[in-house]
Amino acid sequence: MSALAHATSPEARRASLLLVPVGAVEQHGPHLPLDTDTVIARAVADAVAERLAAQGVATWVTPPLAFGSSGEHQSFAGTLSIGHDALVHQVVELVRSASTWARRVVLVNGHGGNAPALADAVDQLRYEGLDAAWLPCAVGAEDLHAGRTETSLLLHLRPESVRLELAEAGNCDPLADLLPRMRVGGVAAVSANGVLGDPTGASAAEGAVLLARTADAVAVRVLAPDGIAVG
């Protein structure tokens, strides 16, 4: 069992690597639940822990950090964002605490909007001499938000939460084209339904493949010969 929440204090000391899923509570269009990013981050962390255990690396997975920096989605109901500075502070304090008994801490990030805060937090922690890193739940071929990728993953992980009959395409333009307007008006400025991508064709089978591919990629980076790679 890799769930830290189920461990006792003496058991916690048996693992030197701690994986911390970092998600968000934010809109994911009309068809996906608000905790989509948190569900994905936790599932990836669990799958990575299984892969590392098979290689003899004892690993604990913490309860997820469920609230992230999601200001770009604030125009949509249900979004709960703590912002950049609060997320940096939370991560720095959490890793400082964990590092008194765990040698390595890796943040497994499920929400792209968290990336700047995680990068700043890890910079601070590494300056303090702590072994911290963050890695994204991504392998490079994903659409942007609430499209086929996330819909497939949720159909695999928690299908009862997907309102597939309400799924509809949103803005499918590249991120580089969307960013100028998003920086001013958030996601609502470029997509009325909050979707950046097209969920058409999503399936649980595709989600299972995506989860395995992502977990494989993250596990490789955690075990990189030159140390844990910074995301």
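The values are calculated or read from the model by the stated rules, or taken from the named source; none is laboratory data. All values derive from a computational prediction rather than experimental measurement. In this analysis, Cβ positions are derived from the backbone assuming ideal geometry, glycine residues included, and neighbour counts consider all displayed protein chains. Surface areas here come from the heavy atoms of the whole protein model, side chains and all, with no ligands, DNA or RNA. Shrake-Rupley method; radii C 1.70, N 1.55, O 1.52, S 1.80 Å.
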Next item on the list: Summarise the accessible area of the chain (1.4 Å probe, protein heavy atoms) by the percent that is carbon and sulfur.
Entry: 55
Margin query: Connecting C-alpha atoms closer than 10 Å in a GNM of the chain, tell me which of GLY147, GLY194, GLY56 has the biggest fluctuation.
Written below: GLY56
Notebook entry, point to check: Could you give the accessible area per residue of the range 78-139, probe 1.4 Å, as a whole number in Å²?
Noted result: 43
Check: Taking a 1.4 Å probe, which of SER9, SER81 shows the most accessible area, and what order do the others take after it?
Finding: SER9, SER81
Margin query: Tell me the label only: which of (i) 21.9, 81; (ii) 20.2, 78; (iii) 17.4, 51 is Rg and Dmax of the Cα atoms in Å as calculated from this structure?
Written below: (iii)
Check: Gaussian network model of the chain, Cα springs within a sub-10 Å range: biggest mean-square fluctuation belongs to which of LEU34, LEU153, LEU179?
Finding: LEU179
Checklist line | Total charge dipole magnitude, the range 1-87, about the Cα centre, Cβ charges on Lys, Arg, Asp, Glu only, Debye to nearest 20 | finding: 360
Margin query: If you count only protein heavy atoms and use a 1.4 Å probe, how large is the accessible surface of ASP35, to the nearest 10 Å²?
Written below: 50
Next item on the list: Calculate how many DSSP beta bridges within the range 1-145 are antiparallel, expressed in % of all such bridges and rounded to the nearest 5.
Entry: 10
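Can you tell me the relative contact order of the chain? Whole percent, Cα pairs under 8 Å, sequence separation 6 or more.
Value for the chain: 24 percent.
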Checklist line | Residue-averaged [θ]222 nm for the chain, counting only DSSP H segments that reach four residues, each worth -39500 (n - 2.57) | finding: -12500 deg cm²/dmol
